[in-house]
Amino acid sequence: MANFDAENGAGGAILVVGGGIAGVSCAIEAAEAGCPVILVEKSAYLGGHVAGFHRYFPKLCPPPCGLEIDFKRVQNNPRVAVYTLAELESISGTPGHYEATIRIAPRHVTGACTLCGACAQVCPVEIPDPFNCGMSRTKAIRLAHRMAFPAQYFIERGACASGCDLCMHACRYKAIDLEQKETKKVLHVASAVFATGWAPYDAAKIDNLGFGKYPNVITNVMLERMVSVDGPTGGKILRPSDGAAPRSIAFVQCAGSRDQNHLPYCSGVCCTASLKQATYLRDRYPEAKISLFYIDLRTPGRLEDFAARTIAANGVELIKGKVGKVVEQADSRDLEVTAEDVLDGKKMTRLYDLVVLAVGMVPQTGSLPAGMSLDDFGFAASSGPGLYAAGCVKRPAEVAVSIRDATGMALKAMQNVASRANHG
Ligand SMILES: Cc1cc2nc3c(=O)[nH]c(=O)nc-3n(C[C@H](O)[C@H](O)[C@H](O)COP(=O)(O)OP(=O)(O)OC[C@H]3O[C@@H](n4cnc5c(N)ncnc54)[C@H](O)[C@@H]3O)c2cc1C
């Protein structure tokens with residue numbers, strides 16, 4: 001990682017905000033082409049949502065495969081400076097000449113950390129684990145997840161018990177510094193790329209689908225964590241209400257998407273993501289009934305082939321119809337799903353053990369500079385000169401498309417560095 005002075009004299013650098021797959025890709029492509037890059041990520045680790053997935057469609061390989069290669073490229077490149085637990089406070093200037101201020105929260109754990117875990121063992125504070133969507137509990141001092149990069153503990157200081165310093169005494173390597181303070185850095189950069197990604201739509205806002213009311217209604221993002229070996233159930237897909245193996249599962253597509261009351265747009269990846277998740281279920285439960293309720297099955301381009309293969313190989317029942325309501329049965333806690341079967345022209349009602357809501361993507365635009373416009377759906381619209389957006393903050397997309405977009409934006413950002421060098 002970086003051996004250049006990110007604060008002073010690196011005016012020909014590119015600032016990348018957001019360290020998900022798009023931001024990391026943008027950073028390494030620019031750095032490997034010779035440009036200094038400062039990568040700023042608000043969480044304690046790089047990788048964004050992809051770091052929490054069990055498998056990638058279409059190849060169904062585990063995400064750490066690709067991410068680990070990217071992290072090595074970051075680590076081995078002296079032209080990339082990474083700041084985690086960091087956010088952009090302000091940016092001003094003109095293409096080729098921007099001044100950006102970033103705010104870095106204290107990690108409270110230094111590079112002397114060996115990941116021995118003695119600190120977490122004595123930590124008395126347990127909180128819902130955000131990495132597992134709150135389905136399990138974690139400590140105030142922790143490694144964000146098993147494969148976290150950088151592999152270094154951090155303390156969520158706001159969660160600590162007042163005056164507690166047990167972790168500091170438990171650390172044999174003196175890696176804990178409870179006095180660390182927030183710092184700020186002023187950076188001089190030629191251009192900036194915003195790759196701040198997406199958040200899942202808040203399923204609790206979709207009253208008729210029962211999320212938050214009925215424990216056996218979960219979201220697609222929760223299912224990704226549940227099926228991961230380091231997830232809340234150690235990789236088992238279980239009904240939250242009673243820990244039983246589900247015998248029937250319904251995927252509800254467009255949960256809030258393509259709906260004027262929620263998200264008016266299509267998130268593009270949810271149909272393929274649900275089919276991928278059907279393979280997780282089939283793998284664990286060969287006899288389970290798997291139904292997928294959809295408005296239109298949207299699996300564009302090469303994903304068409306993935307969809308056809310997956311449906312046939314996993315016996316996924318497709319029901320063309322928007323789900324109108326999900327209601328829990330009082331005794332069994334099973335879920336009654338009501339939809340209109342469009343092809344039959346009839347209203348239908350079915351019972352399922354588990355319902356998975358395919359919620360869409362909401363762009364994370366809070367840190368975009370004032371000059372960057374949004375499109376009608378709230379995604380980052382404008383690109384350049386000097387300030388660019390990349391990945392899912394710009395439009396919903398699969399990983400391969402996000403990477404391609406980020407690579408293109410690395411090139412656009414580098415053009416400002418080049419013109420700065422030519423014109424001063
Ligand atoms: C359920 C589901 C399953 C999916 N499965 C697949 C799949 O199998 N295969 C596939 O190809 N695609 C899949 N996708 C799509 C995939 O998630 C996206 O393509 C990918 O996450 C896009 O990466 P990104 O970097 O644009 O965004 P993100 O992954 O959201 O990363 C954005 C990063 O920016 C950081 N950030 C946000 N705001 C700030 C800020 N203000 N300052 C600093 N940092 C900030 C975030 O912490 C995060 O690390 C799936 C999507 C869903 C919903």
Proximal lysines relative to Lys412, as straight alpha-carbon distance under 29 Å, when same-chain residues fewer than 8 apart are discounted: Lys42, Lys72, Lys184, Lys185, Lys394
With runs of 4+ DSSP H residues as the only contributors, calculate the mean residue ellipticity of the chain at 222 nm using -39,500 (n - 2.57) per run, divided by the residue total and rounded to the nearest 500. -6500 deg cm²/dmol
About the Cα centre, charge dipole magnitude for segment 201-360 (Lys/Arg +1, Asp/Glu -1 at Cβ), debye: 160 debye
How big is the Rg/Rh ratio for segment 201-360, C-alpha atoms only, Rh by Kirkwood, two decimals? 0.93
Order of Cys271, Cys61 under a 10 Å beta carbon neighbour criterion, fewest first: Cys61, Cys271
Could you tell me the calculated FRET efficiency between His169 and Met135, based on Cβ-Cβ distance and R0 = 22 angstrom, to the nearest 0.05? 0.10
What FRET efficiency comes out for Cys116 versus Ser373 if R0 is 45 angstrom and r is the Cβ-Cβ distance? Round to the nearest 0.05. 0.40
Quick one: of the DSSP bridges fully inside the chain, what percent are antiparallel, nearest 5? 50 percent
Please compute the modelled spin-label separation between Asp207 and Lys325, points set 7 Å along Cα→Cβ, answer in nm with one decimal. 1.2 nm
Identify the GluC sites (Glu not before Pro) of segment 141-248 meeting these criteria: DSSP loop state and at most 12 other C-beta atoms within 10 Å of the C-beta. Glu179, Glu182
Under 18 Å between alpha carbons: how many lysine pairs meet that in segment 201-360, if sequence neighbours fewer than 8 apart on the same chain are excluded? 14
Crossing angle, helix 64-75 versus the chain [Cα axis fit, 0-90 degrees, rounded to tens]: 10 degrees
List the pair-distance distribution P(r) of the chain, using every Cα-Cα distance, as the percent of pairs falling in each 20 Å bin from 0 up to the bin containing the longest distance, rounded to whole percents. 25, 52, 22, 1
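All of the numbers you see were taken from the coordinates with simple rules; none came from a lab. All values reported here derive from a predicted model rather than from experimental measurement. A quick note on method: Cβ atoms are made from the backbone with ideal geometry, for glycine too, and the neighbour counts reach across all protein chains shown.
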